[in-house]
Amino acid sequence: MNRLKNQRVYLAGAIDRVPDRGTTWRDAITPFLEDMGIIVFNPISKPTDIGLEDKDTHLIKTKLKQHHRYDELASMMKTIRSVDLRLVDISDFLIVNLDINTHPCGTLEEIFWANRQKKPIIIHTVQGKEHTPDWLFGTIPHQMIFSTWDEIKHYLTHINNSENIDTHKRWYFFSM
């Protein structure tokens, strides 16, 4: 069926408070998604030259904080936030990496932003589905919350190829 071909996914997850800047899981899942023909929006390597969140940006933000230059930091973060939320807007679905030991401020906003649009939001909880914050069970169909990346890959393969799928009132595919 190849339902997910040309669909756009945004990869949401912590960047500024994790040691690898959020690159490892994004780099690992991207080839799988691209092999399915999915267009990947990665906030670390945005398809624009504004609102970047690369290593250089992180160093600049750190220095701004150290020197108490909060007006400049706020200006920089407003652009980053705006670009990231716009990428959520134009995405068809989200994949979220949620580590409950990290404070994922932007990630939570992206989840709730996408939820208001009733987009499919697929969550990988690092500590396991049973440790997912309770609030999310009232927000997202629990069938879209997973403990492992293999479960997510299996789920996406099912959505992509199976004749009958449970849309959970989130997956809508249009003939164009």
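The values are calculated or read from the model by the stated rules, or taken from the named source; none is laboratory data. All figures in this text were calculated on a predicted structure; none of them were measured in a lab. Note: ideal-geometry Cβ built from the backbone for every residue, glycine included; neighbour counts use all protein chains shown.
Observations, loosely collected:
- Being of a type in the set (A, V, I, L, M), part of a helix (DSSP H, G or I) and closer than 27 Å to THR157 by Cβ is a property that LEU108 lacks.
- All positions within segment 137-152 that are touching a helix residue (DSSP H, G or I) at 6+ places or on another chain (Cβ under 8 Å) and over 22 Å from LEU33 (Cβ atoms): THR139, HIS142
- Tabulated pairs, segment 31-49, first charged (D, E, K, R), second not in a strand (DSSP E or B), C-beta under 9 angstrom, 6+ apart or interchain: LYS46/LEU52; LYS46/GLU53; LYS46/VAL83; LYS46/ASP84; LYS46/LEU87
- Here ILE123 does not fit the description of being out of contact with any Gly (no Cβ under 9 Å at 6 or more places or on another chain), in contact (Cβ under 8 Å) with a residue 12 or more places away in the chain, of a type outside the set (Asp, Glu) and in a loop (DSSP other than H, G, I, E, B).
- Taking the criterion of being over 22 Å from GLN7 (Cβ atoms) and either in contact with a Phe, Trp or Tyr (Cβ under 8 Å, 6 or more places away or on another chain) or hydroxyl-bearing (Ser, Thr, Tyr) (or both), the residues of segment 91-147 that qualify are THR102, THR125, LYS129, THR132, SER147.
- Against the test of being within 17 Å of ARG21 (Cβ to Cβ) and either under 14 Å from the mean Cα position of the chain (by Cα) or at pLDDT 95 or above (or both), the options LYS65, LYS55 yield a single qualifying residue, LYS65.
- Meets criteria (farther than 20 Å from MET144 by Cβ, touching a residue at least 60 places away in the same chain (Cβ under 8 Å) and within 14 Å of the chain's Cα centre (by Cα)) for GLY13: no
- Residues of segment 102-138 satisfying the condition of being within 16 Å of THR24 (Cβ to Cβ) and either among the basic types (Lys, Arg) or at pLDDT below 95 (or both): THR102, PRO104
- All positions within segment 128-169 that are among the charged types (D, E, K, R) and assigned to a loop (DSSP other than H, G, I, E, B): GLU163, ASP166, LYS169
- TRP171 falls short on exactly one of the conditions (1) surrounded by 14 or more Cβ atoms within 10 Å (Cβ to Cβ); (2) out of contact with any helix residue (DSSP H, G or I) (no Cβ under 8 Å at 6 or more places or on another chain), and that condition is (2).
- Filter result (under 16 Å from ILE15 (Cβ atoms) and either in a helix (DSSP H, G or I) or in contact with a Gly (Cβ under 8 Å, 6 or more places away or on another chain) (or both)) within segment 79-98: THR79, ILE80, ARG81, SER82, VAL83, ASP84, LEU85, LEU87, VAL88, VAL96, ASN97, LEU98
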